[in-house]
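**Q** A single structure is presented below for examination.
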Amino acid sequence: MLSHPQSLNAALVPGNLRRVHHIALNVKDMQESRHFYGNILGLHELTGDEVPKTLVDLVAAGKVANFVTPDGTVIDLFWEPDLSPPDPDPSRAFTRANHLAFDIAPQLFDTAIEVLKLHQIRIDHGPVTRPTGRGIYFYDPDGFLIEIRCDPI
């Protein structure tokens, strides 16, 4: 524990934080969000013994759903039935987060765009091409901005 005033300048050093452990999102309609993250984006939903022990009761009650990306990042969806709808003006971003970006292999990028169109997912903008790769920005069921991006070929 840091207790001295001079330790206010102390900081974690690069490498102390190893990875993103999980991301928690509030959702208004759990079934719609489970469909979006599981069936449209293709993330694996944790079930049975895969569910973190601290969330088993909430998952059983339908108040939480957990998904995992291929790199092991967990996305927790917390059911908030009284969640306010997103701003009708999509250019007004959430105040504390801008977007969540998923990486995809360059050869699958166009397929991802077609899947989004097939499911009539609301596209914010894109696809865009930059020196860092290609990206497309769209909304989840609760109006949170999501990006699928790939490195340049």
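**Q** Give the accessible surface of the chain per residue, rounded to a whole number of Å², with probe radius 1.4 Å and ligands, DNA and RNA excluded.
**A** On the way: 10520 Å² over 153 residues.
For the chain, the solvent-accessible area averages 69 Å² per residue.
**Q** I've got another one for you. In whole Hz and in residue order, list the ³J(HN,Hα) couplings for the stretch 103-114 that follow from phi through the Karplus curve 6.51 cos²θ - 1.76 cosθ + 1.60, θ = phi - 60°; x for Gly and Pro.
**A** Karplus-based 3J(HN,Hα) across the stretch 103-114 equals 8, 9, 4, x, 6, 9, 4, 5, 5, 4, 4, 5 Hz.
**Q** Keeping the other protein chains in place, figure out the carbon and sulfur percent of the accessible area of the chain, with a 1.4 Å probe. Walk me through the numbers on the way to the answer.
**A** Numbers: 5830 of 10520 Å².
Using a 1.4 Å probe with all protein chains present, the chain comes out at 55 percent carbon and sulfur.
**Q** Sticking with this one: For the stretch 16-21, take each phi angle, set θ = phi - 60°, evaluate the Karplus expression 6.51 cos²θ - 1.76 cosθ + 1.60, and give the result in whole Hz per residue in order, putting x for glycine and proline.
**A** Those phi angles translate into 5, 8, 7, 5, 6, 7 Hz.
**Q** Something else: Between Asp103 and Asp151, with labels modelled 7 Å along Cα→Cβ, what's the label distance in nm to one decimal, could you check?
**A** It works out to 0.7 nm between the two label points.
**Q** Here's something else I'd like to know. On the full set of protein chains, 1.4 Å probe, figure out the accessible area of Arg34 and give it in Å² to the nearest 10.
**A** Arg34 has an accessible surface of roughly 80 Å² with all protein chains in place.
**Q** How would the chain be classified by its alpha-carbon gyration tensor: rounded, prolate or oblate, with rounded meaning a/c under 1.5 and the a/b versus b/c comparison settling the rest?
**A** Values: a/c = 1.57, a/b = 1.19, b/c = 1.32.
Note, shape of the chain comes out oblate.
The values are calculated or read from the model by the stated rules, or taken from the named source; none is laboratory data. Note that the coordinates shown come from a computational prediction; the quantities given were computed from them, not determined experimentally. All Cβ positions, even for glycine, are placed from backbone atoms using ideal geometry, and neighbour counts span all protein chains on display. To get the accessible areas, we keep the full protein, side chains included, count just its heavy atoms, and leave off ligands, DNA and RNA. Shrake-Rupley method; radii C 1.70, N 1.55, O 1.52, S 1.80 Å.
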